[in-house]
Amino acid sequence: TREGKLQHSEEIVLSLEKKDLTLEDVLFLKNRLYLLTSYANQSHEKNYLFLQNLSERQMRPTGSAKKIAEGPLAKNRYGRAFDIQLSADSSKVLVYNQVPSAPKEPERFSLHVFDEQMELIWERDVMLPYPDEQMAIREYRVDDEGRVYLLGAVYDQNLRSRRLPSHYLVLEYRPGDLAPVEWKISLDEN
């Protein structure tokens, strides 16, 4: 209601073929509710992301779960396998996950961009241009055109202990392009 009072509450048991699922997110796009859940398959060492419609009246998943992404068995700092970002107009959805890399190697990510009906537009695995100890991703964004932007802090090797980045770098990933567009951002002597 407009007063912010609870109108309906429903417990949902998250399972698929007798396997426990983890809630990743609930999205409201184009007047439709979507339930995003994941399953950690230990034997294949993979996380799978599933999509289901969510009925507005009963707040229950409807139809069968559709696998829309997969990645290596890992969880982010919030205990989820995947991260989700919406574009400003909610017409694009970015699903991303980190791909494990060897120590002192650049970080790797898997990017999946969907439209507002949760149909895949493009996907790609990317590797950052700096080793892990020299670059830390601060933010991910997807724009209304489906381009993905990563904002990273870049550290000089000798200054890493001071935790002050030497500059920031924006990486823009576009469908079909092999290499990202890069923008260096720095504030001299600050």
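Structure notes:
- Remark: spin-label model distance R138-L187 equals 0.9 nm, labels positioned 7 Å along the Cα→Cβ axis.
- Per residue, the stretch 90-166 exposes 53 Å² of accessible surface when a 1.4 Å probe is rolled over the protein heavy atoms with every protein chain present.
- Zone of K19's modelled label, taken as backbone nitrogen in the stretch 47-74 under 20 Å from a point 7 Å along Cα→Cβ: 47-53, 61-74
- For Rg/Rh (Cα atoms, Kirkwood Rh), calculated from these coordinates, the label among [x] 1.02; [y] 1.88; [z] 1.16: [x]
- Pairwise Lys count, the chain - Cα closer than 17 Å, eight or more residues apart or different chains: 9
- Relative to the Cα centre, the charge distribution of the chain, modelled as +1 at Lys and Arg Cβ and -1 at Asp and Glu Cβ, gives a dipole magnitude of about 520 debye.
- Theoretical gain in end-to-end length, Q85 to L120 [0.36 nm per residue, Cα-Cα removed]: 11.2 nm
- FRET efficiency for A102 and K66, using Cβ-Cβ distance with R0 set to 41 Å, rounded to 0.05: 0.80
- Pairwise Cα separations in the stretch 94-172 fall into 5 Å bins from 0 onward with the following percentages, short to long: 3, 14, 24, 22, 16, 11, 6, 3, 1, 0.
- Mean Cα-pair separation over length for the stretch 74-133, i.e. relative contact order, pairs under 8 Å, 6 or more apart, %: 26 percent
- In the chain, the portion of solvent-accessible area held by carbon and sulfur atoms comes to 45 percent [1.4 Å probe, whole percent, DNA, RNA and ligands not counted].
- Based on C-alpha pairs under 8 angstrom that are at least 6 apart in sequence, the stretch 94-177 has a relative contact order of 21 percent.
- Summary value for the chain: 11 percent relative contact order, contacts being C-alpha pairs under 8 angstrom separated by 6+ residues.
The values are calculated or read from the model by the stated rules, or taken from the named source; none is laboratory data. Values in this document were obtained by computation on a predicted structure and should not be read as measured data. Note that we place each Cβ from the backbone using ideal geometry, even for glycine, and neighbour counts take in every protein chain shown. We work out accessible area using only protein heavy atoms, side chains counted, and drop any ligands, DNA or RNA first. Shrake-Rupley method; radii C 1.70, N 1.55, O 1.52, S 1.80 Å.
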